[in-house]
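Heads up: the structure comes next, in structure tokens.
Throughout, read-outs are computed from the coordinates displayed, never taken from laboratory work. In this text, all values refer to a predicted model and were calculated from it rather than measured experimentally. No Cβ is skipped: glycine too gets one built from the backbone with ideal geometry, and neighbour counts run over all protein chains shown.
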Amino acid sequence: MKLGFSTGDELFRQECADWLNGQMSGEFKDIKGITKLTASPERRKEWEQRLGEARWGCIGWPIEWGGRGATLGQQVIFAEEYARAGVPGRVNHIGVELAGPTILAFGTPEQKQRFLPSIAKGMTIFCQGFSEPNAGSDLAGVRTAARLEGGEWVVNGQKIWTSLAHIADWIFVLSRSEKGSSGPNGLTFLMMELRQPGIEVRGIKQINGDSEFNETFFTDARCPADSLIGAAGDGWRIAMGLLAFERGVSTLGQQMGFRNELDEIIRAAKENGAARSPLIRQRIAKAEIGLRLMRYGALRMLSNADHSKIDGAALTYKIQWASWRRGLGELAMDVLGQAGEVTDTNDYEWAALPNLFLFSRADTIYGGTNQIQRNLIAERGLGMPREPRGDA
Amino acid sequence: MKLGFSTGDELFRQECADWLNGQMSGEFKDIKGITKLTASPERRKEWEQRLGEARWGCIGWPIEWGGRGATLGQQVIFAEEYARAGVPGRVNHIGVELAGPTILAFGTPEQKQRFLPSIAKGMTIFCQGFSEPNAGSDLAGVRTAARLEGGEWVVNGQKIWTSLAHIADWIFVLSRSEKGSSGPNGLTFLMMELRQPGIEVRGIKQINGDSEFNETFFTDARCPADSLIGAAGDGWRIAMGLLAFERGVSTLGQQMGFRNELDEIIRAAKENGAARSPLIRQRIAKAEIGLRLMRYGALRMLSNADHSKIDGAALTYKIQWASWRRGLGELAMDVLGQAGEVTDTNDYEWAALPNLFLFSRADTIYGGTNQIQRNLIAERGLGMPREPRGDA
Amino acid sequence: MEFAFTSEQKMIAETARVFFTENATRERTRQAMACDGVDYALWASFCQELGFSAIGIPENLGGAGLGLVEMAIIAEAAGAQVAAFPMFGSLVLCAQAIAAGGGAGQREDLLPRLMSGETIAAYGHAATLVDDGNGLSGEAAFVAHGASARIFVVTGNNGAWIVKADAPGVSIAQLTTMDQTRPYARVVLSGVVGEPLAQPGKAIAAAQRAGFVAIAAEALGGAQACLDRTVAYARERIQFGRSIGSFQAYKHRLADMMIEIEQARSAVYWAACATDEGAVDAELAAHAAKSFAADTYFMCAGNMIQLHGGIGFTWEHDAHLFFKRARALQSMLGNGDWHREQVAAMIFGEMA
Amino acid sequence: MEFAFTSEQKMIAETARVFFTENATRERTRQAMACDGVDYALWASFCQELGFSAIGIPENLGGAGLGLVEMAIIAEAAGAQVAAFPMFGSLVLCAQAIAAGGGAGQREDLLPRLMSGETIAAYGHAATLVDDGNGLSGEAAFVAHGASARIFVVTGNNGAWIVKADAPGVSIAQLTTMDQTRPYARVVLSGVVGEPLAQPGKAIAAAQRAGFVAIAAEALGGAQACLDRTVAYARERIQFGRSIGSFQAYKHRLADMMIEIEQARSAVYWAACATDEGAVDAELAAHAAKSFAADTYFMCAGNMIQLHGGIGFTWEHDAHLFFKRARALQSMLGNGDWHREQVAAMIFGEMA
């Protein structure tokens, strides 16, 4: 058991930091420090391409597909340095962390050739179409219909919470391809071009006044017959595999973002005197401890070589960070006091901490609500009986 | 809406206080301030009889049955003054608050004559036999069997958590009188003499080293055929009615006990300096507020004339006090520090506050666990679907 | 035992409920949110047609002769709809301050105008407020509905004054505020001629007393509305082929909301009643009610979002209105920690 | 990424698990509880047969040359069985203090005796301890397994000493203790001749460091055992005609336990590893681990009682052993609030 990184790793860390800091103090200075998902989309697409050119886009991928075949340790280091340098979040994180790995695992050689290099170069931006208005956390309740017609899939239905759909080029869609099927059967996984007449994207305005999420409507939207990943009807298995990719190295980068948020709270508490309150001090200490434990939980998760055993750290990670961050938003407001409830802008645009308070209410909902997470933990982690589905 | 009591009520309060204080500084001085349920059982039976003689035993009952026909306000006042005077809890509280009211509501004229005056006089002590080892919170799972044989009920089975069974004269027993019946059907409610060869009572030693509760074993135990309350098979309805009596005036007396516990914590915090900790101060303030809200909740409950509407204050009361008191036990220990973890006695006997810490773990379990309470609140109070029974 | 509404109080509650449900609709509230957070039509009919604006003001001052219990009933009903109107600043804080601490002339001049709704008043506190002979100077940072007010009651550490919004030296900046149904303004005074209230101590005490109870009552109404609306949603929403309300995790969260709300209800009417009756524990009750009910509201509004899933954090859904109001009530007039610290000081006998 | 047990560490963990499961049985523990809280047979075989008693002591002092990670592994396994033996006082606190701060003679004399189990040592702190020339005087209030010890390490605000239990002026009173598997004694010194440790600062720092981590590890083991035993119970218990584990409220509580335990596990091995590696955040990690893991244990033990229903608060059931140990670990060597306050001071840069 070891925590420290090797000398080689530390050299690699310096290399990452140098390159990233160079970019952020040079050509991409204008996007440094952006935290909102929706800000400066065009410049951030250019940033994806710059990452791709320099082969920093998908360092964990095999070299043949545009990656560097980096070790886990190196991926961790890159994610940390990325966040430390104040680089904004990846607008193609779905392509890099979900679509790419799925294609790597389940795609045909042609699909790999078609998509992987292009994702790695930052030329193809992906978004995901999973949730539907009447099937929030319940993917098996998907109704969006796909039928094969004249060598094409024709898709009709509606997806919701399709984050980044207003930026993306492609969407992968979980659709019901067997008429009359229900539950997890008869689902198919399709990759579709987003910019086509049959697809309309509408922003969903949220509690914080911003629109990170979208609704996406499919009206006789089309894609070629070979756009499916895996076999027809195999969508459930793919979707489940894909969700499994959601945990991993990127969590450490995410945590660096959390670190920045907590540091800003600590700064604010020092400035306005809240740091003198023993009650606030306890809460800040708890937040600090929680964040550290996320880090070491993630390291345990990444160090776990025995994938046959259920990894408790991985299984509990989503609810842990989501609950932690929601609490952080409340702490932020309690540190700021009423000053956190007003903004200098005219447009209901919020500084980082009040925005954290508002947006973090979504953290415990998307990607599986806290309630769903507890079901999963109890069922997969502890072998408790599964929650029965109704037949309504 | 009014909080204050009338002048007449205040005069009555003085009368109660005078009499109770007279007893507690006179003949019953030796039992003043006792908090343990199990302490001085013989003297406390004598105290029940003294209450009965002076007609203070069941003041809310009709005059013809040994009560005073006291108003609710007077009952509240008596309960408060009873606790304020440091009088130990009633060893016949089951007779006074459960058995008596049940007989009043469902008993035959003969049963009323047989039991009510005797309970009111403190001559007949009751305990209850509801829970069973395999049917903790699930009364419909009762297995203790009763069969009619030669003009007598013959009872076999086992009850658990029969508090005060080592003191009581009578027990009321929820039994299964229809062979092969299950769930809430086929249950019968019997009143049995406790001191008979077929009934054995064994104390259950608890976490705090004491034995407030018992197991009671029935081996061909007998009672006359007319010992049933209501009709045969009607036990479920009676049991449910009886549980409804569990809330009421006595809660205010119970709260005076809580008041004493909280006051002792406040005293300890002043003495050992914990009162200087802002964290402890917050928790003590919360405890104080919680206790006050229990009081005003109980007053709302008692003031509620419209029994057709579900009374939210009544429905949420059990979980409220139980959770509050469990938290109080934790607060007590945090105020005391390690000093709360040792006792001067050789026999694992605990002072009031550490005992509160240990015993209060039971508060959220007996009389319906917190989980059962939340079911009831959601189902009865909010109309949510009922939890399905399995068929295992 | 009479700790229950009288039939007159029941009638007031029902009238208020119907009034706010019919008038403080989501459409009208959202229109008000886009401007200064005042639904002027609502305000006019509340003051002039319904006749509840005089509640809490003694009859000899032209009021309705009803007390804090009735005021709490109204605030509860308004809170249930997150009504966008300036009752809190104008009728609760300012009118109570003037009624309790104003001179005869001030009462006669101002109270009728406030009760009719003709003049909106707002209440601001500035610890640094001084009258140095050249007028009042100082800054009140978070004045609820301050940009809609024609007069202010401003309080400092040694006095309370009436200040006209259009008096020279007054500058008012409306602030973009998280709770758009009750936006704050920053009010800066530089050498402003104010009219001192005759008995500032009494005025401030009355405003606080009423303010704590009104906030608590509003929070109670809001919390109950969060529960009611979530219960309604639970009845119709199907997930995993089952009514979502059939999931025990869901049910138990609703139960937890109800448990807190029932206590908040006891707190609000205890505080209101104790104040009206002049009970010895009235002050403790007000601190208890303010802190407990605001926390209950925040908990319920947070749960409302969570239990609605994704739709719950959209702008379109009303959940965020409750959530933001709940947050505002937590931090107004002292946060929960501060109120509990007051309670602790009373418990430990550290206050007179 | 090597933040996982090596194969040697896995072997130690498995050996320890088997050892404590087989030896620290409920029957033997209850026998020890009725006396001085020491299962002497367990103690002897732990020290002499298993050979883990030298863990945490450097090889040049006769130890096993393994570090806090290995010590945490052992403490975790012992905690899972609420083992009644004096490892914590004797091997963690005292041996670490002597190894780090004792003179050469003290180490050579005492460490072998402690590691062999022949001598039990206990550790006490007395803020008022003074050596006024006539010997040491003062009182250490809560000395774990103090009545079973032959020697003490006692620390005051300006020193640390070895004191023999049978030295003139030492009086030891065993106290009836809530956690009977680790009873406290009150040790009063009146003019006792003690032997000062050569480097008291180092000794105290080492004892604390190891103590915080060992408590955290023990808490982790206990918490996991509470979860494991409750999961086993959930599998067999039927209520309302259903497996009780099929109730979502029940499942979710188990899940909540697991969520905390996984974090506690990260905390314990982060703190152990950071200390072994001399990382800059080692001290913060130790405070974090002690407070977080002890709170986790208490939460899990409380849930264990609750989820077992009535049987859970009987003396007969083992739940109370876990519950009482959890409480003891919360208050030992500084409660959670204190440890978090240390973390806050580090965060705000108030410490050197």
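Data table
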read-out: Length-normalised contact order of the range B:7-91 in % [C-alpha pairs under 8 Å, at least 6 apart]; value: 41
read-out: Residues residue B:310 and residue A:39, FRET efficiency given R0 of 56 Å [Cβ-Cβ distance, rounded to 0.05]; value: 0.65
read-out: Footprinting exposure proxy for A:265, D:244 (fewest neighbouring C-beta atoms within 10 Å first); value: D:244, A:265
read-out: Euclidean distance of C-alpha centroids, the range D:1-65 and the range B:34-92, integer Å; value: 56
read-out: Residue D:235-residue C:21 pseudo-label distance in nm [points 7 Å out on the Cα-to-Cβ vector]; value: 5.2
read-out: For chain A: relative contact order, % (alpha-carbon pairs under 8 angstrom, 6 or more apart); value: 13
read-out: Shape call, the protein assembly as shown: gyration tensor on alpha carbons, a/c limit 1.5; value: rounded
read-out: Quotient of C-alpha Rg and 2.2 N^0.38 Å, computed over the range B:7-91; value: 1.07
read-out: Gaussian network model of chain A, Cα within-10 Å springs - most flexible of A:27, A:46, A:81; value: A:27
read-out: Nearest-ten-degree value, helix A:72-84 long axis tilted from longest Cα axis of chain A; value: 60
read-out: Packing-based ranking, highest mean first, of C:23-29, C:203-209 given that Cβ atoms within 10 Å are counted; value: C:203-209, C:23-29
read-out: Inter-chain Cβ neighbour average for residues A:335-346, partner chain, 10 Å; value: 5
read-out: Structure-based [θ]222 nm, chain D - -39500 (n - 2.57) summed over DSSP H runs of at least 4, per residue, nearest 500; value: -17500 deg cm²/dmol
read-out: Pair residue C:190, residue B:344: separation of 7 Å Cα→Cβ label points (nm); value: 7.1
read-out: Compactness of chain D as Cα Rg over 2.2 N^0.38 Å, two decimals; value: 0.99
read-out: Cβ neighbours within 10 Å from other chains - mean over D:139-146; value: 1
read-out: Sequence-distant lysines (8 or more away, or on other chains) whose Cα lies within less than 21 Å of residue D:10; value: A:2, A:309
read-out: Cβ nearest the rotation axis (C onto D), residue from chain C and distance to the nearest whole Å; value: C:248, 2
read-out: Chain B: mean projected area of Cα convex hull, nm²; value: 21.4
read-out: Within 10 Å of each Cβ in A:359-371, the average number of Cβ atoms from other chains; value: 4
read-out: Across the identical copies, how the residue C:18 labels are spaced - nm, sorted shortest first, 7 Å along Cα→Cβ; value: 8.0
read-out: Length-normalised contact order for the range C:115-229 - Cα pairs under 8 Å, 6+ apart - percent; value: 25
read-out: Sites residue A:6 and residue C:134, calculated FRET efficiency, Cβ-Cβ separation with R0 60 Å, nearest 0.05; value: 0.25
read-out: At 7 Å out from Cα toward Cβ: residue D:59 inter-copy label distances (nm, ascending); value: 9.7
read-out: Spatial separation of Cα centroids for the range C:195-248 and the range B:186-228, in angstrom; value: 48
read-out: Formal net charge of residues neighbouring residue D:308 (Cβ-Cβ distance under 9 Å; K, R +1; D, E -1); value: +2
read-out: Global geometry of the range A:247-381, whether rounded, prolate or oblate, following the gyration tensor of its Cα atoms and the 1.5 cut on a/c; value: prolate
read-out: Packing-based exposure ordering (other Cβ within 10 Å, fewest first) of C:47, B:127; value: C:47, B:127
read-out: Most positive-pole-ward Cα, C:249, C:285, C:184, against dipole of chain C from beta carbon charges; value: C:249
read-out: Charge dipole (chain A, unit charges on Cβ, about Cα centre) - positive-most of A:72, A:282, A:37; value: A:282
read-out: Separation between Cα centres of the range C:108-156 and the range A:311-349, rounded to whole Å; value: 34
read-out: Fluctuation leader among D:11, D:33, D:332 - chain D, Gaussian network, Cα springs under 10 angstrom; value: D:11
read-out: Folded to 0 to 90 degrees: helix B:317-336 orientation relative to chain B principal axis, Cα; value: 40
read-out: For residue A:22, label point 7 Å along C-beta direction: distances to other copies, nm; value: 9.9
read-out: Cα gyration tensor shape of the range A:126-233, rounded if a/c is under 1.5, else prolate or oblate by comparing a/b with b/c; value: oblate
read-out: Ranked D:7, A:181, B:277, criterion: other C-beta atoms within 10 Å, fewest first; value: D:7, A:181, B:277
